[in-house]
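In what follows, a single structure is set out as structure tokens and then discussed.
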Amino acid sequence: MKNLLSSISARKLGPLMLACTLATGLPSLALAAKVSVQAVDKNGAAMADVVVYATPIGTPLPPAGKAETATISQSDMQFSPYVTVIRVGTQVKFPNYDKMEHHVKSFSAAKEFEIKTYERGVVPPPVMFDKPGIVIVYCLLHNWMRAYVLAVDTPYFAKTEQAGTTSLDQLPDGNYEIRAWHPNMGSVKQPLVQTIKVSDQTPPVKWQFDFVPIPRKAKAASY
Ligand SMILES: [Cu+2]
């Protein structure tokens, strides 16, 4: 069996897995590909904090499982992470790890909410993001503090690292609309979009934005 497995490519395992499933009753593995993503700015420089998400064309999304939870903490007088991507239906916690009090406020249509001033160690009840869209999160006590949440209608998403790269790891074969968004686009500019066909041979998906990102606001010098 081992020799047989190593002599054929992983992509040919579908029928075999099905046969094994029928024989053993074990669940089969869904075929899923890894798609690399690369984002650069107007000048070709790597772009971090780009959210990339893929929506299948012509096939339904997998149902949402157990409610997911994400965390945006307040530490060193900033929200961390700066950019968060979640599937609609995810709850977000906002723990405060600073010595100072903080506050959380969103005026965004996709999720308007407020968590009144709270102190270190406090984790207020999580906030449910129940609609797709872009949510800008502020602390009204510290005007440089800002975080972005992009709630998307798909479980297939990722965010680029400092090198401008990331990957979508579990995309079942098929056709997708894939979108890329950066916080500087806010909710004004539409995300960039491409159509891709996912298989084991999918080439990296490359994005070039038509702007140079504005650096994140630094905390005030007095802090
Ligand atoms: Cu604050």
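The values are calculated or read from the model by the stated rules, or taken from the named source; none is laboratory data. Predicted model only: the values in this text are computed from it and were never measured. Positions of Cβ are generated from backbone atoms using ideal geometry, with glycine treated the same way; all protein chains shown enter the neighbour counts. The accessibility values were calculated without ligands, DNA or RNA, using every heavy atom of the protein model including side chains. Shrake-Rupley method; radii C 1.70, N 1.55, O 1.52, S 1.80 Å.
Values computed for the structure shown
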quantity	calculated
FRET E, pair Val40, Arg146, Förster distance 25 Å, beta-carbon r, rounded to 0.05	0.60
Radius 12 Å from Cβ of Thr195, net charge of other residues (Lys, Arg +1; Asp, Glu -1)	+1
The chain, relative contact order in percent, only Cα pairs under 8 angstrom and at least six apart counted	29 percent
Apportionment of accessible area to carbon and sulfur, the chain, percent (1.4 Å)	56 percent
Antiparallel DSSP beta bridges within the chain, as percent of all bridges there, nearest 5	75 percent
Reachable lysines, given that their alpha-carbon falls under 26 Å from the alpha-carbon of Lys131 and they are not under 8 places away in the same chain	Lys66, Lys93, Lys105, Lys111, Lys116, Lys159, Lys189
Charge-dipole axis of segment 69-223 as Lys and Arg at +1 and Asp and Glu at -1 on Cβ define it, positive-most pick from Gln190, Val127, Phe113	Phe113
Accessible area per residue, Å², the chain with all protein chains present, probe 1.4 Å	56 Å²
Full-extension gain in nm, Ala109 to Ala220, via 0.36 nm per residue minus C-alpha separation	37.1 nm
Spin-label pair Glu177/Ala67, simplified geometry with 7 Å Cα→Cβ offset, distance in nm	2.9 nm
For q = 0.11, 0.14, 0.25 Å⁻¹, Debye-computed log10 I/I(0) when each Cα of segment 65-150 counts as one equal scatterer	-0.25, -0.41, -1.32
